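The structure under discussion appears below in the form of structure tokens.
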Amino acid sequence: MMFDARKGAELAKIKLNEEDIKILQSDLDEIYEVLKPLLEVNIDVEPMYTPSENVNIVRKDIPGETLGETWFYLIPRTEEYKSKKYVKAPRP
């Protein structure tokens, strides 16, 4: 018996009668038996910080061709300031 059902119920502040404690104890013992082989697994290996060995691919940010003002007709409100058009977004 690795786990004490009575102590667990006390820590969880759960009131259990004797029959429930016996049921809980048998369930805990069964769970322990299922997980017991995991205690025998060799874990003396270097920890893995990420499941993938891939690294971020970085590229230079090179400005390219833009749409210019050709898409402004899609925006409900635009404003001009110093002869340039800007998108007018609603404030939250």
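Quick note: the coordinates plus some simple rules give every number you see, no bench work behind them. Note that the structure is predicted; figures quoted are calculated from it, not measured. Cβ coordinates were reconstructed from backbone atoms using ideal geometry, including for glycine residues, and neighbour counts include every protein chain displayed.
If you check residue 36 against the conditions, is it surrounded by 10 or more Cβ atoms within 10 Å (Cβ to Cβ), on the phi < 0 side of the Ramachandran plot and within 31 Å of the chain's Cα centre (by Cα)? So residue 36 passes the test. Filter region 39-92 down to the residues that are surrounded by 10 or more Cβ atoms within 10 Å (Cβ to Cβ), aromatic (Phe, Trp, Tyr) and part of a loop (DSSP other than H, G, I, E, B) and list them by number. 71 - this is the single residue of region 39-92 that is surrounded by 10 or more Cβ atoms within 10 Å (Cβ to Cβ), aromatic (Phe, Trp, Tyr) and part of a loop (DSSP other than H, G, I, E, B). For region 46-69, taking the residues that are closer than 21 Å to residue 85 by Cβ and small (Gly, Ala, Ser), the one that is farthest from the chain's Cα centre (by Cα) is identified as 68.
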